[in-house]
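To start, the structure itself, in structure tokens.
The values are calculated or read from the model by the stated rules, or taken from the named source; none is laboratory data. Computed from a predicted model, the values in this text were never measured in an experiment. Please note: Cβ atoms are built from the backbone with ideal geometry, for glycine as well, and neighbour counts cover all protein chains shown. Remember, those area values only see protein heavy atoms, side chains included, never the ligands or the DNA or RNA. Shrake-Rupley method; radii C 1.70, N 1.55, O 1.52, S 1.80 Å.
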Amino acid sequence: MNKLFSILLTLFLPLFFHLTPESEEFGPVFLQEPDDAIFSLDSDDKKVIMNCEARGNPVPTYSWLINGTIVDPEGDFRYSLIDGNLIIHNASEAIDYGRYQCRAENSIGSVLSRDALLQFAYLGAFSGRTRGAVSVREGQGVVLMCAPPPHSPGWYSLSVLWVFNELPSFVAEDSRRFISQETGNLYISKVQPSDVGSYVCQVKNTVTNARVLSPPTPLTLKTDGVMGEYEPKIEAHFPQTVLAAKGITVRLECFALGNPVPTITWRKMSGNIPKKARLRKSQAVLEIPNIQLEDSGSYECKAENTRGGTAFRGHLQVYTLPQWISMINDTQLDSGEQLRWECRATGKPRPTYRWLRNGEPLNSQSRVEMVNGELIIHRLQQTDSGMYQCIAENKYGAIYSSAELKILASAPMFSTNPVRLIATVGKDVSLECRPRASPKPRISWRKSDRRVQIMLLRNNTLRIINSSRSDEGSYVCRAENQFGSAELTTMLLVKEPMRVELNPVRVEVTVGESVVLSCKVTHDPSLDVSFLWLLNNQPLNTQQEGGHFEYIQTSSTADLMIRSILLKHAGKYGCRAQTSADSVLAEAELLVRGPPGPPGVVIVEEITDTTATLSWSHGVDNHSPITTYNVQARSPVSLGWQTVKTDPEPVTGNMESAMAVELNPWVEYEFRVVATNGIGTGDPSTPSRAVRTKEAVPSVAPANVRGGNGRRHELVISWEPISEEFQNGEGFGYIVAFRANGTRGWKEKMVTSADSTTYKYRDETFPPLTPFEVRVGVYNNKGDGPFSEVVTVFSAEGGEGQMCSLQAFAISSSEIKVIWKPPNPGPGRPQAYEVSFWKDMEQEETAKKKRTTGNETTLLLTGLEGNTQYLISVKGFNSAGQGPASSPIKISTKKNAPSLPPGNLMWIQEGNNVSLSWDPVKARDNESEVIGYKVLLRQEGRGHSQVMRTPNSAVVLTLPEGGTYIIEVRAVSEGGEGAASAQVRVLTSSVCINLLLVFIFLLIYIFLKVLII
């Protein structure tokens, strides 16, 4: 029986604990609260839905209040509840307008939702009564009244336009005409003859989208004269006090009648108008979006014309709804304890607070205090359990914070019992006693049926000082309150303390070497020991160290091997040995010698045109003295960092400054320093700020000075440009000097662009290929630099002459071969030729061009259209330019090749001989006549084909043995080859015999298998 009970307990106990959290009861918590709603009475669906949803355990039930009165769905058929949602059928403004609240309730308590205002939207019709005409003098101001019909919600839901004479002609607003969206009236500051007509006010409800039109109001002019000028009179303006909720857009209106038309200006009496504000409708509307508290204040609009001015001033007051700063949270307390809850909210006006318990007002009593959002309940009782709500409200709105108060009442209970505790001799021991109980229980300790008074701490923990073997035994903690009692037994064992030795205690190694740290433990053999290695008091993760660390462990030792040591492995190593009774740490120090660390930031103390005085600070030497420093520089034109010469040379390890020498003038440099010691070279310092050396006269002359090419009578001189690194200053340029061979004076020309590589000099007097002595120098703002070596450069060649004896031959329907003779000998030597060709019906400007690769005098034109006449001309060109084109000649391509392939191929195979025949191909009128056929023979799997030509429509082929062959036929004409026939596949005799033998052997194999069966 006991065994069966144990099995059942094993099966169902986990299930019980798994279900317990889900089955824990809690009060209602809103998931969705009702929102303000506007219902259109024009809607076809006369049904209003107010949403409400809450979670809780048990599942909550719902009820609703309208204007504080409970809604009875059973007594009024117009109301129904689906889950927590309230549905109102045949809703009407007279009965259903008001504020709604949802109540969610279960056995724990109940909560009320926030208020939700239900409004009804509609727009009535204008009165049909005829409106009288309005008659004014020209130049006089006028106000046409709209008088909108009954509507809901308020003015903010209406949009007003005025129709002039008939739809869709609407009054356009400007500095003279204004439509107020506050009154709906049309204001004309100064009437003109063009204003005479019929005016209709159109009102739209933006919620229902319904529109209505007023009866027309005629506007006429009096005939007794024109109105003279008069000062402005403000007829439309914002209220004396404007209340606005924080975050909305505020529109302040101001418009005046007057002659001349008044100008409207705005100002804020204290401070400036917000930068985000915008002026609309010719400054008649001041619009302030996203209104904030600092936008509050007095605003003034002023209307002025040449006759005078007037102003209106009103106050904008911004309010804010309450917003939570701190809210209340679910709380569990023991009976008899004190509850202190505080909720805080901001708002303008400042919010006031009230409290609800289970949806009902909570009043101050002898045990209950409520002051400025703070609730205090003294000496809690079980009846105080339930759902509480703090409400923060001002006259513009209210917010709710809900929480559950649970009063605990339970007998003492221990989660684990008994407890086994192991300590070591000489150490203090703490025996805890922490039962779950409500209210707090009374605690007492005993050992072996007698009370103990060693040391009892405030939290009921029993503390034994300097424990010894005599302290071993069973200790019992007893907890007791009015609901019951429980005991906890702690078995205390006292063992000898553990000792740990770590060797070596201090060790020095060099980067790349290996070392072993040995950790040995002496401990009570009845206890298991575990090890943990630390580096600088942090657990050592060998998996993240790239194989540098390895553990070697036995029951009482733990060695740490460190391979290929790096600088980062230096530090304090700890071996922590731990048993269930004790934890002991031993430490050792590892010093790693390595290359030095980076020196301190490099500072440029002084700069000249070729030197820079630098200073820095020593970096760490990593336990090996620094021997030398290496100074490096980088510029925009260098290939990364380069070592520079220094003064002194070398820079020894005890120095913190040096001079970089032999730098280039007017170059922007960064400097860094690298330290070296007996182990190696370390990382570089952080680079210095970029500095530029001073300017100097250029010192490098251009290289590779050369020339040639160009047009007739031109001398072209070119050189390699000087890189920015060697320009030595601003205003860099080139001096090009030249003279004809045999003359004395040099001509010098300035080239001001530093990027230039060429200079051209033109003189009609010197003949082609005249030799010149040439040199190129450099200069900048500091002065002239050196010239290059003198070289000889020839002037340009003469131009090309005209081609002679141009001929062309049609090769096929798409090819023409062109042949010509070079021009008569002259000053210019042709480098290549250019052939132009175009159709007879096209202009020469559209010609296609094709060049020879050298001075060849023949060219094949391809990709031409068949049976088409072309014009062709040729001209030569060299470095001096193009020569004249030859006179064009005409030539026609041949007709296109036959488009039909040979058909009805038939063949007879006798051994390796194949007799092949086909139907002759007949050319069409626009195709070339067939002059023969081409037979292509190719072995399958190979790309090479054998070709046989024949004038007939039949041929005999001899095929080699051992393969499959593919045969196709094409017609041949002057226009080229025609389309290919269908392919013929032929197997030679040896292949056929092999297939036959395979077939015979297969039959024999099948026959033998049948006999065996």
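Taking every residue in segment 361-385 that is assigned to a helix (DSSP H, G or I) and pairing it with any residue that is surrounded by 12 or more Cβ atoms within 10 Å (Cβ to Cβ) and not hydroxyl-bearing (S, T, Y), at least 6 positions away or on another chain, the pairs with Cβ-Cβ distances below 8 Å are Q382/I407; Q382/A409; D384/L339; D384/I377; D384/L405; D384/I407. Quick check, is I82 at pLDDT below 95 and open to solvent by less than 40 Å² (accessible area, probe 1.4 Å)? For I82, the condition - at pLDDT below 95 and open to solvent by less than 40 Å² (accessible area, probe 1.4 Å) - is not met. When segment 262-282 is filtered for residues that are open to solvent by 70 Å² or more (accessible area, probe 1.4 Å) and under 21 Å from I248 (Cα atoms), the ones remaining, listed by number, are R267, N272, K275, R278, L279, R280.
Quick grid of which residues meet (1) buried (at least 22 other Cβ atoms within 10 Å of the Cβ); (2) among the aliphatic types (A, V, I, L, M); (3) in contact (Cβ under 8 Å) with a residue 12 or more places away in the chain:
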{"position": "A658", "(1), (2), (3)": "yes, yes, yes"}
{"position": "F671", "(1), (2), (3)": "yes, no, yes"}
{"position": "V700", "(1), (2), (3)": "no, yes, yes"}
{"position": "R711", "(1), (2), (3)": "no, no, yes"}
{"position": "L715", "(1), (2), (3)": "yes, yes, yes"}
{"position": "Q727", "(1), (2), (3)": "yes, no, yes"}
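Restricting N664, N704 to those that are open to solvent by 10 Å² or more (accessible area, probe 1.4 Å), within 25 Å of E606 (Cβ to Cβ) and either in contact with a helix residue (DSSP H, G or I) (Cβ under 6 Å, 6 or more places away or on another chain) or not in a loop (DSSP other than H, G, I, E, B) (or both) reduces the list to N664.
Working carefully through the options G546, G512, G574, find the one that is buried (at least 16 other Cβ atoms within 10 Å of the Cβ) and either free of Cβ contacts under 8 Å to residues at least 60 places away in the same chain or in a strand (DSSP E or B) (or both). Explain how you work it out, then say what you get.
Numbers: G546 fails: buried (at least 16 other Cβ atoms within 10 Å of the Cβ); G512 fails: buried (at least 16 other Cβ atoms within 10 Å of the Cβ).
Just a single option satisfies the conditions, and that option is G574.
Of all the residues in segment 882-898, those that are modelled with pLDDT under 85 and either within 60 Å of the chain's Cα centre (by Cα) or of a type in the set (K, R) (or both) number 1.
With A923, A980 as the choices, which residue is of a type outside the set (D, E, K, R) and within 60 Å of the chain's Cα centre (by Cα)? Walk me through how you get there before you give the answer.
On the way: A923 fails: within 60 Å of the chain's Cα centre (by Cα).
On inspection, the qualifying residue turns out to be A980.
Would you be able to tell me the number of residues in segment 245-257 that are open to solvent by less than 70 Å² (accessible area, probe 1.4 Å) and either outside any strand (DSSP E or B) or without any contact (Cβ under 8 Å) to a residue 12 or more places away in the chain (or both)?
Initially, segment 245-257 is screened for residues open to solvent by less than 70 Å² (accessible area, probe 1.4 Å), giving 245, 247, 250, 252-257.
Going one step further and asking which of them are either outside any strand (DSSP E or B) or without any contact (Cβ under 8 Å) to a residue 12 or more places away in the chain (or both), we end up with 247.
Here the count works out to 1.
Scoring S385 on the criteria (1) buried (at least 16 other Cβ atoms within 10 Å of the Cβ); (2) among the hydroxyl-bearing types (S, T, Y); (3) under 30 Å from F238 (Cβ atoms) leaves a single failure, condition (3). Is it fair to say I66 is touching a helix residue (DSSP H, G or I) at 6+ places or on another chain (Cβ under 6 Å) and open to solvent by less than 40 Å² (accessible area, probe 1.4 Å)? Considered against the rule, which asks whether it is touching a helix residue (DSSP H, G or I) at 6+ places or on another chain (Cβ under 6 Å) and open to solvent by less than 40 Å² (accessible area, probe 1.4 Å), I66 comes out as no.
Table: residues versus (1) under 22 Å from E974 (Cβ atoms); (2) open to solvent by less than 50 Å² (accessible area, probe 1.4 Å); (3) polar (S, T, N, Q); (4) in a strand (DSSP E or B).
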| site | (1), (2), (3), (4) |
| --- | --- |
| W907 | no, no, no, yes |
| S915 | no, no, yes, yes |
| V921 | yes, yes, no, no |
| R924 | yes, no, no, no |
| I931 | yes, no, no, yes |
| V935 | yes, yes, no, yes |
| M948 | yes, no, no, yes |
| P960 | no, no, no, no |
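Taken over segment 457-473, the residue count meeting the criterion of being under 15 Å from T490 (Cβ atoms), free of Cβ contacts under 8 Å to residues at least 40 places away in the same chain and hydroxyl-bearing (S, T, Y) is 1.
Of the residues in segment 167-176, none is outside any strand (DSSP E or B), within 53 Å of the chain's Cα centre (by Cα), at positive phi and crowded, with 19+ Cβ neighbours inside 10 Å.
Being at positive phi and either open to solvent by 20 Å² or more (accessible area, probe 1.4 Å) or in contact with a strand residue (DSSP E or B) (Cβ under 7 Å, 6 or more places away or on another chain) (or both) is true for just one of S564, S556, S583. Which residue is that?
Numbers: S556 fails: at positive phi; S583 fails: at positive phi.
Going through S564, S556, S583 in turn, the sole match is S564.
For segment 89-127, residues that are within 29 Å of N394 (Cβ to Cβ) and open to solvent by less than 70 Å² (accessible area, probe 1.4 Å) total 20.
Within segment 154-161, does at least one residue satisfy the condition of being assigned to a helix (DSSP H, G or I), open to solvent by 40 Å² or more (accessible area, probe 1.4 Å) and either among the β-branched types (V, I, T) or touching a Leu at 6+ places or on another chain (Cβ under 9 Å) (or both)? No, every residue in segment 154-161 fails to be assigned to a helix (DSSP H, G or I), open to solvent by 40 Å² or more (accessible area, probe 1.4 Å) and either among the β-branched types (V, I, T) or touching a Leu at 6+ places or on another chain (Cβ under 9 Å) (or both).
The C-beta contact set for segment 271-290 (first residue of a type in the set (K, R), second residue assigned to a strand (DSSP E or B), distance under 7 angstrom, 6+ apart or interchain) comprises K276/I288; R278/E287; R280/E287; K281/F178.
Evaluation of G84 against the conditions (1) at negative phi; (2) touching a Leu at 6+ places or on another chain (Cβ under 8 Å) shows that the sole unmet condition is (2).
When you check G473 against the structure, is it touching a Leu at 6+ places or on another chain (Cβ under 8 Å), at pLDDT below 90 and on the phi > 0 side of the Ramachandran plot, yes or no? Break it down into steps so the answer makes sense when it comes.
Numbers: touching a Leu at 6+ places or on another chain (Cβ under 8 Å): yes; at pLDDT below 90: yes; on the phi > 0 side of the Ramachandran plot: yes.
Yes.
L144 satisfies every condition listed in (1) surrounded by fewer than 17 Cβ atoms within 10 Å (Cβ to Cβ); (2) more than 49 Å from the chain's Cα centre (by Cα) except (1). Flag: Y761 matches the condition of being modelled with pLDDT of 90 or more, open to solvent by less than 70 Å² (accessible area, probe 1.4 Å) and farther than 30 Å from A696 by Cβ.
Residues that are modelled with pLDDT under 85 and basic (K, R) were ranked within segment 450-470; the one that is surrounded by the most Cβ atoms within 10 Å (Cβ to Cβ) is R451.
Out of the residues in segment 730-750 meeting the condition of being assigned to a loop (DSSP other than H, G, I, E, B) and open to solvent by 80 Å² or more (accessible area, probe 1.4 Å), tell me which one is farthest from F766 (Cα to Cα). Let's see the steps before the verdict.
Taking segment 730-750 as the starting set, the residues that turn out to be assigned to a loop (DSSP other than H, G, I, E, B) are 730-732, 741-746.
Cutting the leftovers down to open to solvent by 80 Å² or more (accessible area, probe 1.4 Å) gives us 730, 742, 744.
Numbers: E730: 37, G742: 14, R744: 16 Å.
Looking at the filtered set, the residue picked out is E730.
Within segment 298-317, residues that are under 9 Å from C254 (Cβ atoms) sit with their Cβ atoms under 8 Å from residues that are of a type in the set (S, T, N, Q), at 6+ positions apart or across chains, in these pairs: C301/T265; K302/T265; K302/T310; A303/T263; A303/T310.
Quick grid of which residues meet (1) at pLDDT below 90; (2) charged (D, E, K, R); (3) buried (at least 17 other Cβ atoms within 10 Å of the Cβ); (4) farther than 30 Å from W666 by Cβ:
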position	(1), (2), (3), (4)
E587	no, yes, no, yes
R593	no, yes, yes, yes
G600	no, no, no, no
Q632	no, no, yes, no
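For the residues T130, T183, the requirement of being in a loop (DSSP other than H, G, I, E, B), of a type outside the set (D, E, K, R) and surrounded by fewer than 18 Cβ atoms within 10 Å (Cβ to Cβ) singles out T130.
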